[in-house]
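A quick write-up on the structure given underneath.
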Amino acid sequence: MASATFHRSARIRSAVALFLSALSASCGSDVTSDGCCEDLPGGDSPSLSDLFGNVLYRADGSQASPASLQAQSLIGIYFASRSCPACTSFTPQLVSAYDAMRRAGKPFEIVIACLDPSSEDLATYMRQYGMNWLGLPLGSDKIRELVKRYGVEWIPSLIVVNAAGKTVTRSGREDVAAKGAAAFDAWLAASPAP
């Protein structure tokens, strides 16, 4: 059993590495010295449309505009895959923290960037785990751009940005694992001014 889990994890790491290596070599002038993209030169931040494109999806299959994210103080970008054992373990924790934040009226939304080569429907995956948030279409170029922009090297990863597109933290996964829904208040306190 342990051997099968190890081989599956190695396959997933290999698939993520292939995905990452397939990214375009250029991200424009906003590439940092560590090879990932950050806020744009001159202190400008990417718009929500720059980050997410024109269409996001809900678990029920309905569409939403990235403009709907403007009402949120913070947005989590969740990089995951349905075939990743670590994602299978972490996703329920994130769903629980998200649901608690929403019940408490916290202005927080998540957009899943699914790094899954499978052709299975995104809405099915989101419903399976109770992800009541938004998702980028499977295979979207925006997913590859986000991976490059934030230097994502492993999954699951949770990057938190504010509504102005400025990076709040790259360690959202660790924060949720340690603090649950209370992570929101720490992120909000650390959020750069718009």
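Values quoted throughout were computed directly from the atomic coordinates according to the rules given, and no laboratory measurement underlies them. Note that the coordinates shown come from a computational prediction; the quantities given were computed from them, not determined experimentally. With ideal geometry, Cβ positions are generated from the backbone for all residues, glycine too; neighbour counts draw on all protein chains shown.
How long is the gain from ALA100 to ALA67 if the chain were fully straight, where each residue apart is worth 0.36 nm and the alpha carbon distance is subtracted?
Details: separation 33, 0.36 × 33 = 11.88 nm, distance 2.35 nm.
Contour length minus the Cα-Cα distance gives 9.5 nm.
For the residue pair ASP50 and SER171, what label-to-label distance in nm results when each label sits 7 Å from Cα along the Cα-to-beta-carbon direction?
Label-label distance for ASP50 and SER171, simple model: 2.6 nm.
Quick one: Karplus J couplings for segment 139-154, per residue in order, coefficients 6.51, -1.76, 1.60, θ = phi - 60°, nearest Hz, x for Gly and Pro?
Values, residue by residue: x, 4, 4, 4, 5, 4, 5, 5, 4, 5, 4, 9, x, 5, 10, 8 Hz.
Take peptides 159-172, 50-63 and line them up by average Cβ neighbours within 10 Å, highest first, as a rough protection proxy.
Working: 159-172: 19.9, 50-63: 16.2.
Packing order, densest peptide first, comes out as 159-172, 50-63.
Length gain on complete extension for the stretch ASP60 to ASN132, per 0.36 nm per residue less the alpha carbon to alpha carbon distance? Could you put the intermediate results ahead of the total?
Working: separation 72, 0.36 × 72 = 25.92 nm, distance 0.89 nm.
Going from the current span to full extension adds 25.0 nm.
Give me the count of lysine pairs in segment 39-194 whose alpha carbons sit under 26 angstrom apart, restricted to pairs 8 or more positions apart or on different chains. Walk me through the numbers on the way to the answer.
Details: LYS106/LYS166; LYS106/LYS179; LYS142/LYS166; LYS148/LYS166; LYS166/LYS179.
So the count of such lysine pairs works out to 5.
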